[in-house]
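Asker: There's a structure below that I have some questions on.
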Amino acid sequence: MKIFVINPGSTSTKLAVYEDEKSVWMTGAHPPVSELAAFHHISDQYEYRRDFILKCLEEAGIELKFDAVIGRGGLLKPLKGGVYAVNDKMKHDLIHAQMEHACNLGALIADEIAVRCSCPAYIADPVVVDELCPEARFTGIPGMERKSVFHALNQKAVARRYAASIGRKYEDLNFIVVHLGGGISIGAHRKGKVIDVNNALDGEGPFSTERAGTLPAGQLVAMCFSGEYTQKQIKQMISGRGGLTAYLGTNDMITISRNVEEGDEHAKNVVDAMLYTIAKQIGAMYVALVGKVDAIIFTGGIAYDTYCTDRLKTQVEYIAPVVICPGEDEMGSLAYNALGALRGTLPLLEYTGEDL
């Protein structure tokens, strides 16, 4: 099976061709930033990005002959995890999405290229996957519900792969999956569904390299009404310029880890505090799963850092066996889902856009 994978990001578009499970071509294509800056809205970039992708394929000598095209899922309405065929309702909701991000173009471009190839177009496990149990939705304030926004694609892919590696099905096991990156999401996976997870987009949960994590509500309210900060500045403190960036002036974990190893006591204290908040969130997910956990899986870029994973293991390995699956293989995960849909090993779902 020949699968074309499209993963649009803010300033780049990752492309790959897979033959079954094997990657045979991959590129991190970077359109000129000056040209992207000419567009006022992400949706306006559609034709430009499509033509750029087609040009990349042409220059690589790759014919438009695929068994499936899969795009990164966009900011759709909340949906269950899985593989979805691109349909008209999905395209409408992406074109009119309330939140703008380049990932909204993934399904749209995938669909057009798939039509040219006479093959299906898919998305899989977008960040808006919502499988929360009813209790997890309450906040304590009527009208304000907790939202499920997390690294669903990577979390579910590593959980499925680990389950397969031990000869089991993802749907038969319970995992705590810890995605360690610019944002940190920690999900309680119960029999194939993520019944609880922190909202990594809004900075809920542990603090990370860029995000502030859960904050004392009263102090945050006082800061918001102090007159010293704009709404934009507050949002940047919460997501983008919070966490290690705020304390240490950088989000580069390689540099930060090197500083810790060289004896930077302040950097060590801050990193240890971040790891402490991560361990506490793992403990919360242990409770959400009523103590029935088959494995704790660490994934994402920071999972390469042995200082971080070693310290976390000492804090949580008594809960369940710890598995390290470093990195964030979004391209491989998308290809894996498309292949599963083609082979019939993963169910193909229909997007309706209706409330869960």
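The values are calculated or read from the model by the stated rules, or taken from the named source; none is laboratory data. The structure presented is a predicted model; accordingly, all values stated were derived computationally and were not measured. FYI the Cβ positions are ideal-geometry reconstructions off the backbone, even for glycines, and counts take in every protein chain you see. Areas reflect the complete protein model, heavy atoms only, side chains present, ligands, DNA and RNA absent. Shrake-Rupley method; radii C 1.70, N 1.55, O 1.52, S 1.80 Å.
Asker: Got a number for carbon plus sulfur as a percent of segment 157-239's accessible area, 1.4 Å probe?
Answerer: 54
Asker: Quick check on segment 1-117: take the gyration tensor over C-alpha atoms, sort the square-rooted eigenvalues as a ≥ b ≥ c, and tell me if it's rounded (a/c under 1.5), prolate or oblate.
Answerer: oblate
Asker: Could you give each residue of segment 77-88 its phi-based ³J(HN,Hα) in whole Hz, using Karplus coefficients 6.51, -1.76, 1.60 with θ = phi - 60°, and x for Gly or Pro?
Answerer: 3J(HN,Hα) across segment 77-88, in whole Hz: 6, x, 8, 6, x, x, 9, 10, 6, 5, 10, 5.
Asker: Please list, or write none, the aspartates and glutamates whose alpha carbon is within less than 13 Å of the alpha carbon of residue 235, excluding same-chain residues fewer than 8 places away.
Answerer: 202, 204, 210
Asker: Can you tell me the accessible area per residue over the chain, all protein chains present, probe 1.4 angstrom, in square angstrom?
Answerer: For the chain, the per-residue accessible area is 48 Å².
Asker: Taking 8 Å as the Cα distance limit and 6 or more residues as the minimum spacing, I'd like the relative contact order of the chain as a percentage.
Answerer: Over the chain, the number comes to 19 percent.
Asker: Return the lysines within reach of residue 2: Cα separation strictly under 20 angstrom, same-chain partners fewer than 8 residues apart disregarded; answer none if there are no such residues.
Answerer: Those lysines meeting the cut-off are 14, 22, 55, 65.
Asker: Another question about this same structure. Which whole-Hz couplings ³J(HN,Hα) result when phi for each residue of segment 37-47 is put into the Karplus expression 6.51 cos²θ - 1.76 cosθ + 1.60, θ = phi - 60°, listed in order with x for Gly and Pro?
Answerer: Here the 3J(HN,Hα) series is 5, 6, 9, 7, 10, 4, 4, 5, 7, 3, 5 Hz.
Asker: If I fit a long axis through the Cα atoms of helix 152-165 and take the longest principal axis of the Cα atoms of the chain, what angle between them do I get, 0 to 90°, rounded to 10?
Answerer: Compared with the principal axis, the helix lies near 90 degrees.
Asker: Okay, moving on. Nearest 10 degrees is fine. How inclined is helix 104-117 to the longest principal axis of the chain, computing both from alpha carbons?
Answerer: Taking Cα atoms only, the helix is inclined about 20 degrees.
Asker: Still on this structure, I have one more. Taking only DSSP H segments of four or more residues, each worth -39500 (n - 2.57), what value at 222 nm results for the chain once the sum is divided by all its residues, to the nearest 500 deg cm²/dmol?
Answerer: Here the helix-only value at 222 nm equals -11500 deg cm²/dmol.
Asker: Also: Counting only other residues whose beta carbon sits under 15 Å from that of residue 208, what net charge do I get with K and R as +1, D and E as -1?
Answerer: -4
Asker: Determine, from the Cβ-Cβ distance of residue 92 and residue 145 and an R0 of 22 Å, the FRET efficiency 1/(1 + (r/R0)^6), rounded to the nearest 0.05.
Answerer: 0.35
Asker: Taking the alpha carbon gyration tensor of the chain, what are the square roots of 5 times its eigenvalues, largest first, to the nearest whole Å?
Answerer: 33, 24, 21
Asker: Okay, next question. Going highest first, how would you order 115-121, 329-335 by mean Cβ packing within 10 Å?
Answerer: Final packing ranking: 329-335, 115-121.
Asker: Specify the inter-centroid distance of segment 7-81 and segment 281-315, based on alpha-carbon positions, in whole Å.
Answerer: Measuring centre to centre over Cα atoms gives 33 Å.
Asker: So for the pair residue 233, residue 23, with labels modelled 7 Å out along Cα→Cβ, what separation do we get in nm?
Answerer: That separation, rounded to one decimal, is 4.2 nm.
Asker: How do 75, 289, 215 rank by accessible surface area computed with a 1.4 Å probe, from largest to smallest?
Answerer: 215, 75, 289
Asker: Quick one: of 191/280; 280/313; 80/169; 80/147; 169/193, which pairs are farther than 21 Å apart, Cα to Cα?
Answerer: With Cα atoms farther than 21 Å apart: 191/280.
Asker: Any idea how far apart residue 12 and residue 221 come out in nm if each label point goes 7 Å out from Cα toward Cβ?
Answerer: 4.3
Asker: May I pose another question? Once you treat every alpha carbon in segment 53-157 as an equal point and sum by Debye, what is log10 I(q)/I(0) at q = 0.10, 0.17 Å⁻¹?
Answerer: -0.35, -0.83
Asker: Now for a different question. Enumerate the calculated ³J(HN,Hα) couplings along segment 237-248 in order (Karplus 6.51 cos²θ - 1.76 cosθ + 1.60, θ = phi - 60°), each rounded to whole Hz, writing x wherever the residue is Gly or Pro.
Answerer: 3J(HN,Hα) across segment 237-248, in whole Hz: 5, 6, 9, x, 10, x, x, 4, 4, 5, 7, 10.
Asker: With springs only between Cα atoms under 10 Å, which of 243, 192, 61 fluctuates most in a Gaussian network model of the chain?
Answerer: Checking each option, the largest mean-square fluctuation is seen for 61.
Asker: Right, next: If Rh is defined by the Kirkwood formula over all Cα pairs and Rg also comes from Cα, what ratio Rg/Rh do you get for segment 158-275?
Answerer: 1.09
Asker: Keeping the other protein chains in place, figure out the carbon and sulfur percent of the accessible area of segment 1-134, with a 1.4 Å probe.
Answerer: Heavy-atom surface of segment 1-134 belonging to carbon and sulfur, 1.4 Å probe: 52 percent.
Asker: I've got another one for you. Residue separation times 0.36 nm, minus the C-alpha to C-alpha distance between residue 39 and residue 138: what's the value?
Answerer: Taking 0.36 nm per residue and subtracting the Cα distance, the gain is 31.7 nm.
Asker: Turning to a different aspect of this structure: Residues with amide H under 5 Å of residue 173's amide H, sequence separation 5 or more or different chain, H placed in the peptide plane at 1.01 Å from N; which?
Answerer: 191, 192
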